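**Q** This structure is in structure tokens; I'll ask about it shortly.
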Amino acid sequence: MPKDNKFSITFDKFYQGFSPMAFQNSLTEIGGGGHASSMQNVDVINGDYITQGPGLANLTAGTQAGAVTELITYIMDKAVTADATYAIGATKLFKLSSTAVTNDGTFPHTITSCADGESIQVLKGNLYAFYNTSSAGNILKYDLSSTFDDDWGSTTPTGAAALQKAPHPSAKKEDIMLFGNGRYVGTYIAETDTLAPTKLDFGNDAEVADCLFLNGLWYIAVNFGVTGTNRTEGQIYLYDGSTVSSTLADETGVGMQRIGFLYMINGVIYVAYQDLSSTGFIIGYIVGSQIKSLKRYTGTLPDFSQKTLYKNTILSISSNLVYSAGSLIDELPYQLSQIADGGYSTVGAIAAPFGTPMIASTESTNYKLAKFSGYDTACNWRSIVIPLSAGGMRGYIDNITVLTKSLGANARCDLIIESDQAATNSNTMQITGTGITRHTFSGIGLGQIEDFRVFLNWANGNATNDCAIRKIVVDGHFIEN
């Protein structure tokens with residue numbers, strides 16, 4: 001305890017994201033002044049301040065009133081032609097621009113017998129869409145002009161055959177396409193028009209979770225064991241880039257943990273995986289033949305269709321919310337934060353083919369494809385718990401100073417202090433005022449307290465002018481019980 005009997009606690013550096021132990025305890029004391037014990041739809045990745053997460057705006061014809069009458073399950077993460085890309089849903093192939101879902105009689109295209117869209121690749125001027133029927137898997141071919149061959153995979157190329165009814169993650173390099181096919185990895189070589197749906201066999205308890213290409217090798221994530229609530233084992237295999245050999249080059253294991261997705265940024269391969277004995281899932285990266293863990297989430301494990309790049313961080317869907325993992329620049333620490341809402345209660349695919357993330361979701365008979373736009377107001381953030389009790393002393397908060405950016409009209413965030421393990425709340429302090437950057441509060445409405453955390457709530461905020469907070473300073477003194 002300081003000799004002058006006073007304390008001053010600063011909350012800043014919000015770019016640190018969740019506390020390392022927030023996944024386990026929302027009243028954690030572990031971390032620094034910028035760490036969160038909990039958060040909802042908050043943007044901390046810019047580095048200089050914390051603010052409201054992005055809102056969502058539906059694309060034109062992006063609901064059931066337009067072209068989207070089913071959940072979109074995969075969105076291509078890059079443009080195929082200028083301002084155009086493609087997505088697949090339960091039964092249809094969709095064409096998208098940066099602002100609209102095409103609804104012109106050709107698109108959406110209903111795929112014969114399709115019951116579950118899986119993934120899409122464009123190879124040598126043709127689009128290939130993987131999907132499941134009620135009993136098997138197949139591949140659609142589209143010439144990017146006018147001709148659709150819905151059952152191409154089972155009827156047309158050399159080696160044509162039905163696929164497994166299973167997840168079908170896919171990847172490509174040059175004229176080769178590699179895809180998951182249940183227990184198998186399949187390949188397609190465009191130069192020879194040769195399909196090999198069972199090129200590699202990982203065994204009858206295996207399922208390919210994701211795949212990508214890097215530095216002359218294919219990386220193939222495979223889970224072994226019974227899915228659902230059962231523990232499974234994950235393995236990442238390296239395979240010859242030419243896909244000629246039937247021998248694997250190397251492997252990396254995550255042990256008794258299930259793999260959700262692989263993602264590559266700047267030559268580093270990140271892995272999302274889950275340990276059923278603990279809450280949530282982990283994101284890590286491959287180092288040699290090991291996986292180095294980085295951050296742990298609290299929600300469900302995303303799959304290969306639920307990842308994209310945003311401001312140098314990985315956005316993924318977990319428990320139907322959007323999370324960010326990474327840092328805007330290398331000089332900032334690797335953070336995990338919950339940045340945006342997913343839309344409706346069930347979220348499908350996420351991608352950013354035109355730079356701005358798009359998210360598909362559904363609820364009951366409602367469907368939509370929306371993109372980041374403006375600011376959300378269903379946003380809040382709570383700091384870690386700061387203990388003030390020592391021996392026979394407890395703390396008393398005298399005043400609070402909040403520094404913001406220069407606020408626009410109707411920008412607002414409410415500040416509350418939650419004390420004594422969040423059992424007691426202070427008065428609500430309004431951070432608002434056009435052009436104001438320094439906000440001071442006294443008469444907090446709490447007596448002697450054992451601990452506290454800061455609660456920021458943007459529920460009364462504005463969707464156009466955000467209330468961005470740079471620093472919070474809590475000053476007080478100690479009182480003997």
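**Q** Scan the range 263-280 residue by residue and report those that are outside any strand (DSSP E or B) and at pLDDT 90 or above. Before the answer, list the steps.
**A** Here is the first cut: in the range 263-280, the residues outside any strand (DSSP E or B) are 266-267, 275-280.
Within the range 263-280, N266, G267 qualify.
**Q** Take the conditions under 26 Å from I220 (Cβ atoms) and at pLDDT 95 or above and apply them to Y323. Does it pass?
**A** yes
**Q** When the residues of the range 1-19 are narrowed to those that are part of a loop (DSSP other than H, G, I, E, B) and modelled with pLDDT of 95 or more, which ends up nearest to D420 (Cα to Cα)?
**A** Step by step, filter the range 1-19, then rank; the result is S19.
**Q** Could you list all residues from the range 409-443 that are farther than 18 Å from C379 by Cα and either among the aliphatic types (A, V, I, L, M) or in contact (Cβ under 8 Å) with a residue 40 or more places away in the chain (or both)?
**A** So in the range 409-443, the residues farther than 18 Å from C379 by Cα come out as 409, 419-427, 433-443.
Result: A409, Q421, A422, A423, I436, T440, F441, S442.
**Q** Then there's this: Does T51 satisfy the criteria of being of a type in the set (S, T, Y) and either over 30 Å from V473 (Cα atoms) or part of a loop (DSSP other than H, G, I, E, B) (or both)?
**A** no
**Q** Moving to a separate point now. Counting only residues that are closer than 15 Å to T73 by Cα, give me the strands (runs of 3 or more DSSP E) lying completely in the range 281-387 with at least 2 of them. Step through it out loud before you land on a result.
**A** Values: elements: 282-287, 290-296, 307-310, 313-318, 321-326, 335-341, 346-351, 358-363, 366-375, 380-383.
Result: 307-310, 313-318, 346-351, 358-363, 366-375.
**Q** Identify the residue in the range 398-445 that is charged (D, E, K, R) and outside any loop (DSSP other than H, G, I, E, B) and, among all such residues, is surrounded by the fewest Cβ atoms within 10 Å (Cβ to Cβ).
**A** Only one residue tops the list, namely R438.
**Q** Taking the condition in contact (Cβ under 8 Å) with a residue 24 or more places away in the chain and under 24 Å from V80 (Cα atoms), does T158 pass?
**A** no
**Q** Additional query: So is T252 more than 25 Å from Y74 (Cβ to Cβ), modelled with pLDDT under 95, among the β-branched types (V, I, T) and surrounded by 13 or more Cβ atoms within 10 Å (Cβ to Cβ) or not?
**A** yes
**Q** Please verify whether S37 is outside the structural domain of Y367 (by TED's automatic domain parsing), of a type outside the set (A, V, I, L, M, F, W, C) and not in a loop (DSSP other than H, G, I, E, B), treating the condition exactly as stated.
**A** yes
The values are calculated or read from the model by the stated rules, or taken from the named source; none is laboratory data. Values in this document were obtained by computation on a predicted structure and should not be read as measured data. Cβ sites come from the backbone with ideal geometry, for glycine too, and all protein chains shown count toward neighbours.
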